Structures are given as structure tokens and as C-alpha cells.
Amino acid sequence: MTALPLAYLCGTIYLLVKLWISLRRPLSLPGTSENSPIQLWIRIAIVALMLLAACSLFISIAIRNSQAPFWIMKFLHVAGSVWMLYMFYLILILIPTDIARLTIPCLKGATWFTSTKIFWSASALVAIVLIGGYINYINPRIVEMDIDLTSPHGSSQTNRSATELSSEIKIVAISDVHLGYGTGKWLTRRYLKQINAQKPDIVLIAGDLIDNSTKPVANQLLHLELNKIETPMGIYMAPGNHEYISGISECRELLAHTKVQLLQDSIITIPLANQAKMLQIIGRDDRSNRNRKTLEELLELTCAKNKTNIANHIIVVDHQPYNLAKTDSLGIDIQISGHTHRGQIWPFNLVTDKIYEQSHGYRKWSNSHIWVSSGLSLWGPPFRIGTRSEIGVITIQL
């Protein structure tokens, strides 16, 4: 675990040194030398601000439950998040070009390929990429899925000629909203407007509704914004690892003031209009709770709740998409997960695709329909590069 902090420290020092050198000529004033006191203090001030930005995100996490003013916490979060990604992409460009400049003969001493010109050109390119990534982030796509559960094994598309006893339910599924200093009131309201536009029967939240602390959520009354979700059959949520980071008891208390029903290893049963079938939603506790119930134990509870001969269909909401083969082997109809963000930014999407058996998107397994969301919002840097924020709209034929 010490490798990542060490790499971050080395990367920050490398960029600050490059910035110090690259500021030498742009700040040269007429009639002054490059090392004049005025220029020197300006350079020191700029580098100090960048150093503060480099430490800001970690400071905001460390004091997340303090009494610091909201605007300070917001500034620390945003500055630190932006710096983190700015540094990452800038290093990806600068290190290879520095090596090329020092090792390729035709580039040595080339006036168009100096360290300063490379630094400012790379900075401009990264800024353009980040602007595009931010626009991509605040405009989530709508992912529509039609799932038919009327046949024994289901199908990936709804059969519109299903029997007269079938019911149709529209579910909006989201995950990883990360309400807090990053996802504030403006963005929350933007998301809720998009959710309500889908006219869902049910809304399912697959964890990480809250970011790192309940404090900014309560201060902005973000949890009360959730009461604006319009759905006749309820809003149900399984906790994620960030609910545990924020304090699961505090999250539970906050959600008690909303229409969101938190399911921690618990089940909700929803009778359907035709009265011949029922829908059971299992909300699994997050893996952060090592004593959470197994899926087999939760399935036994669904059988205990269903004391009639009415057919039931089961949806599992589980934040982290692990052991999906087990879900499939147990015959679960649908599972909805999140957590991966699909890496959030390139090239980490390539990493998550290797780590998880299903890191993103919809897949029909042998028995189960599984959808892993890349997340509605995100953690840390407010950018989507190589991935998309998304809202899942699942129309189920039962």
C-alpha cells in the first residue's frame, strides 16, 4: 500500500520541478533578470498553490468530519481531485517526451522541443481533455434494457406477446452517486430530473449513494432532495463500501428522513397487479461487513416470506460485482451492481475489465441477467474519460 503514496509523492515533486523551470521565461519582466526578487516570489507563490492542490484531496478526506466551513471543504475536494488527474495525464506525456528529448540525437537541443515548450503544450492538451471529460461526466447516458422473465430461462429482449397474466415493470437503476462535496445540489437535481423523466415504477440504488461523509450531505440537505423522486412502488437501496466509510449508522439515520428504504441483508416483497406473481428484492449488505449473510441464506429468507404458491421473481441488489457465477448458479433472475465505475478514466477501464468477470454493462448468463453500472456520478476527479456516467432503465416482463 506504500507504493501508491510514494508514486504520488514522486510524481508531484517531478511536476513541481518542471513547473518551476517552465515558469522562468513566461514570468520574465522587462528590465529584470530571470532571477529578480519579484519573479522569484511569483514563482514560489504559484508552486506553493500547486503544492496545496496536490495535498488538498487528502486533507479533505482526513478532516471530512470536522467543523471546517463548507466552502473550504469544497475547495479542498475540487482542487485536490482536479490536480490528481491533471498530474496523472501530464506525467503520461512528459516522462516519455523527456526520455525522447534526452536520448534521440535529432531532438537534443532542438529549439521546438525544449522542456518548457513541451510542458506548456502538454498542459494545454490535458486541459482540453479534462474539459471534455467534465462535459461527458455531467451528461449521463440512458441505458435501456428489456428483460423477459415470463419464459423458464428468460431472454435478453422482452416478448411483447407474453401471456395475459404477465406484468410489466419499469425499474430505474443507479449506483455510485457519491453525494457530498463533489456531487452537490446542482448536480443532484440534474440527476433527479433525468430519473423522473423515465417515469419509473421502482428505483433501485446499488450502493455508494453517499461519498466520504454524511456531513456535507446533511449541510446541503441533499438527502431531502431524494424525496423528489417520483415512483409509485418505492425506492430501495443496498449499501456500498462508501456508506461504511461515511459511517453506516450515520447513513442509516440520514436515510430515515427520506423515501429511500435501506436493505441490509433484507428483502422487500412487492405484489404484482395480476396477483399471480410477486417480485422480491434482496438488498445485500456490502462486503465491508464481513459478517453479511450469504446469498443462499438470503434466498432461504425469500422462501420463508413467500408462504403461498404465488410465483416469485428475485432481483438482487449488491454493490460489488463479485462471485457472479454463484449468482447465476443459484438461479437469481436479475442482479444489479456498481462499484467499479469501469475505471472511471482511461486507462483504468482496461484494468477493471481484467479484474472483474463482468466490470460493466449487461450480460445474460446461463440463468441470470446481470447489469453492472459504471455509476451515475463518481469519486474524486469530476471527469469521465473513456467511460460514461449512466442511468439504467430496465423494463421487465414478469
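Before moving on, here are some points about what is shown:
- Filter result (outside any helix (DSSP H, G or I) and either more than 25 Å from Leu51 (Cα to Cα) or charged (D, E, K, R) (or both)) within the range 97-125: Ile104, Lys108, Gly109, Ala110
- A search for C-beta distances below 8 Å between a residue of the range 351-367 that is within 16 Å of Asp148 (Cβ to Cβ) and any residue that is assigned to a loop (DSSP other than H, G, I, E, B) and among the small types (Gly, Ala, Ser), counting only pairs 6+ apart in sequence or on different chains, returns Tyr362/Ser156; Lys364/Gly154; Lys364/Ser156; Asn367/Gly154; Asn367/Gly331.
- Set Leu262, Leu255, Leu224: member being in contact with a Lys or Arg (Cβ under 7 Å, 6 or more places away or on another chain) and either within 26 Å of Ile72 (Cβ to Cβ) or modelled with pLDDT of 95 or more (or both): Leu262
- The set of residues in the range 240-264 being in a loop (DSSP other than H, G, I, E, B) and more than 20 Å from Leu279 (Cα to Cα) consists of Gly240, Gly247, Ala256, His257, Thr258.
- Look at (1) assigned to a helix (DSSP H, G or I); (2) under 22 Å from Phe383 (Cβ atoms) and you find that Tyr181 fails only one, number (1).
- Taken residue by residue, the range 331-338 has no member that is in a helix (DSSP H, G or I) and surrounded by fewer than 17 Cβ atoms within 10 Å (Cβ to Cβ).
- Being modelled with pLDDT of 80 or more, in contact with a strand residue (DSSP E or B) (Cβ under 8 Å, 6 or more places away or on another chain), assigned to a helix (DSSP H, G or I) and not assigned by TED's automatic domain parsing to the domain that holds Leu221 is not true of Leu94.
- Residue in the range 215-232 that is assigned to a strand (DSSP E or B), in the same structural domain as Ser337 (by TED's automatic domain parsing) and not polar (S, T, N, Q) present: no
- Residue selected from the range 40-62 under the condition of a type in the set (Val, Ile, Thr) and at pLDDT below 85, by the criterion farthest from Leu9 (Cα to Cα): Ile42
- Of the numbered criteria (1) part of a strand (DSSP E or B); (2) under 20 Å from Pro140 (Cβ atoms), the one Ser359 fails is (1).
The values are calculated or read from the model by the stated rules, or taken from the named source; none is laboratory data. Everything numeric here is computed off the predicted structure, so don't read it as measured data. Please note: Cβ atoms are built from the backbone with ideal geometry, for glycine as well, and neighbour counts cover all protein chains shown.
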